[in-house]
Amino acid sequence: MGKYTVKIYKGDYTSRQRAANRDGAICYAEQHFNSSSDPQSNCSLAIVATNASKKSKDWGLLYANLVDKEFPEVPRLCGLSGLSVGGYDGRGNGNLVLTNMPAILCEPMFASNPRHAETIRSDDGRSRLAKCLVDSITQMFPSGGLVALSIGHLYKTSKPHDKGAELVGGGTEGEYAEKVILKAKEMLEAIC
């Protein structure tokens, strides 16, 4: 048995969080991609809940920094630290606020930015994004345990047809977020 076990949580966001709490997960990460009316928007970001612990905040900053190092073409927007507490206008807070463990919502790139969308659609880009998440988990939670992962927008009971933002050039946020999460699961479960 590997050092990390991974479970992908489905259902509405509150159900996912409560199930991860019941299961005693060591951490919770939800994969998204950002979107904007400005096709040049280009920052990496991790969102934490308004009640986030210091460990959640440290993990979020680590994740955003790892993405920045892996993808130097994705600089942070001026004024952002790579971490958003509560999300933009509260969006993202409800995805994390009920967790008992450190939790982040990953927004590494913009689906609305043509260069980012090209990277998101590529196997190499998704593998590199998965590695950033995996590296952040192994650095913050080196003892191992159950890792809770969630795919933003997909598998919600209340909105079963929600796929998230459209990617420039085709595809949806949810479709590609799932591919990143499945790759991260595979990588984590291979660690002995």
Of the numbered conditions (1) part of a loop (DSSP other than H, G, I, E, B); (2) touching a residue at least 40 places away in the same chain (Cβ under 8 Å); (3) under 30 Å from CYS192 (Cβ atoms), PRO142 satisfies every one except a single condition; which is it?
-> (2)
Take the range 20-30 and flag every residue that is part of a helix (DSSP H, G or I) and touching a residue at least 40 places away in the same chain (Cβ under 8 Å).
-> ALA20, ASN21, ASP23
In the range 85-114, how many are in a loop (DSSP other than H, G, I, E, B), in contact (Cβ under 8 Å) with a residue 12 or more places away in the chain, over 15 Å from ALA25 (Cβ atoms) and not hydrophobic (A, V, I, L, M, F, W, C)?
-> 4
Is it the case that ALA117 is assigned to a helix (DSSP H, G or I), within 23 Å of THR5 (Cβ to Cβ), more than 13 Å from the chain's Cα centre (by Cα) and aliphatic (A, V, I, L, M)?
-> no
Options GLY11, GLY60; residue that is assigned to a helix (DSSP H, G or I) and closer than 26 Å to ILE120 by Cβ | GLY60
Which residues, counting only those in the range 96-138, are aliphatic (A, V, I, L, M), within 18 Å of VAL168 (Cα to Cα) and surrounded by fewer than 21 Cβ atoms within 10 Å (Cβ to Cβ)?
-> none
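Every number here is computed from the coordinates shown, using simple stated rules; none is lab data. Quick caveat: nothing in here was measured; it's all calculated off a predicted structure. Note that each Cβ is placed from the backbone with ideal geometry, even for glycine, and that neighbours are counted across all protein chains shown.
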